[in-house]
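**Q** Right, I'll just put the structure down here and ask away after.
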Amino acid sequence: MRLFEAIIDANHRAVAGDASAGLHPAEFADALPVIALTCIDPRLNAFFPNALALPAEDFIWLRNAGNIITGTLSSTMRSLALACAVKGGREIAIIGHTDCHVCQTTTTVLLDKLKVLGVERSRLPENVNDYFGMFGSERQNVIKACGFARSSPLIGPKIPVHGLLIDVESGRLEWVVNGYETLPANPLAQMPKTQFASIGELGSFKDFEMGEMKFPDMKIGDAALPEAPAPPVVVSPPPPVATLPPKKYPSKVPVPPPIKPRPTFSSRRN
């Protein structure tokens, strides 16, 4: 059983009333710590990291309003990438929640609320909806965010990106995107084929966009030189790959407590 398979199983058993439901982190040391992106909603404070049955030291918590990712190179993607590279995150979970107030806020309502705060429309980006990442479905927002993260050049192909939805009434997790199933089987096979146009086909550069330029796999001037015998190839051994040392846990690792009933929250919205 892999880490998030065990997490979902433990979560569902705990919500159903199983007092023994939990997780032994030592059994999943190679998949920890987990990086979680959630919303800033304070109701989530009562659930994490306990809803994942993880100890705090194996839980890297990132938050923004609506757990929104707006692009493969967005500032949120930068934080996820640094959490992987610097803090050693092994798996990513993007976790939305039910009754999300960002989801329930339309662009018009948002503009009205910003105006009350003294923020005029003329000072905002032209496409407010895209800039703030407004969405109409918590589930679709999670799926979209996982798509951006999985296709981002900042996230390694071996890091699973999961999508979850937590019920703010019960703490039950729904596995929306299984990150193990979306891992690329052969990352190199997904790279686009290099194509070149002749000089007459180049035309103007008016439609050129950064990232579209393709380079031939040859040295400058090779195409104009006559064929010559290829020089002998000297193969050097690859440099050693730095690996993270396995985590050491005590022989008896305490099992995190089961999910507790959610405290009563006021329905008043800020």
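The values are calculated or read from the model by the stated rules, or taken from the named source; none is laboratory data. None of these values were measured; they are calculated from a predicted model. Neighbour counts run over all protein chains shown; Cβ positions are idealised from the backbone, glycine included.
Yes or no, residue by residue, for (1) crowded, with 20+ Cβ neighbours inside 10 Å; (2) among the β-branched types (Val, Ile, Thr):
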residue: Asn127; (1), (2): no, no
residue: Asp130; (1), (2): no, no
residue: Lys144; (1), (2): no, no
residue: Gly147; (1), (2): no, no
residue: Val168; (1), (2): no, yes
residue: Trp175; (1), (2): no, no
residue: Gly179; (1), (2): yes, no
residue: Pro184; (1), (2): no, no
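**Q** Output the number of residues of the stretch 127-150 satisfying the condition of being more than 10 Å from the chain's Cα centre (by Cα) and over 25 Å from Val109 (Cα atoms).
**A** Residues in the stretch 127-150 being more than 10 Å from the chain's Cα centre (by Cα) and over 25 Å from Val109 (Cα atoms): 0 in total.
**Q** Which pairs do you get when a residue that is free of Cβ contacts under 8 Å to residues at least 60 places away in the same chain and under 18 Å from Val177 (Cβ atoms), found in the stretch 68-95, comes within reach of a residue that is in a loop (DSSP other than H, G, I, E, B) and among the hydrophobic types (A, V, I, L, M, F, W, C), reach meaning Cβ atoms under 6 angstrom, with the pair 6+ apart or on two chains?
**A** As it stands, the answer is Thr76/Ile69, since those pairs meet every condition given.
**Q** Let me ask something else about it. Residue check, Ile92 against (1) modelled with pLDDT of 95 or more; (2) farther than 30 Å from Pro160 by Cβ, all met but one. Which one?
**A** (2)
**Q** Look at the stretch 126-159 and say how many of its residues are free of Cβ contacts under 8 Å to residues at least 12 places away in the same chain and farther than 21 Å from Ser79 by Cβ. Walk me through how you get there before you give the answer.
**A** Taking the stretch 126-159 as the starting set, the residues that turn out to be free of Cβ contacts under 8 Å to residues at least 12 places away in the same chain are 126-127, 140, 147.
Remaining after also requiring farther than 21 Å from Ser79 by Cβ: 126-127, 140.
Selection size over the stretch 126-159: 3.
**Q** Now, a different point. Touching a Pro at 6+ places or on another chain (Cβ under 8 Å), more than 21 Å from Leu165 (Cα to Cα) and not in a helix (DSSP H, G or I): which single residue out of Ala19, Ala29 fits that description? Let's see the steps before the verdict.
**A** Details: Ala29 fails: not in a helix (DSSP H, G or I).
Checking each option against the conditions leaves just Ala19.
**Q** Name every residue in the stretch 144-185 that is more than 21 Å from Ile7 (Cα to Cα) and hydroxyl-bearing (Ser, Thr, Tyr), in order of residue number.
**A** Of everything in the stretch 144-185, those that are more than 21 Å from Ile7 (Cα to Cα) and hydroxyl-bearing (Ser, Thr, Tyr) turn out to be Ser151, Ser152.
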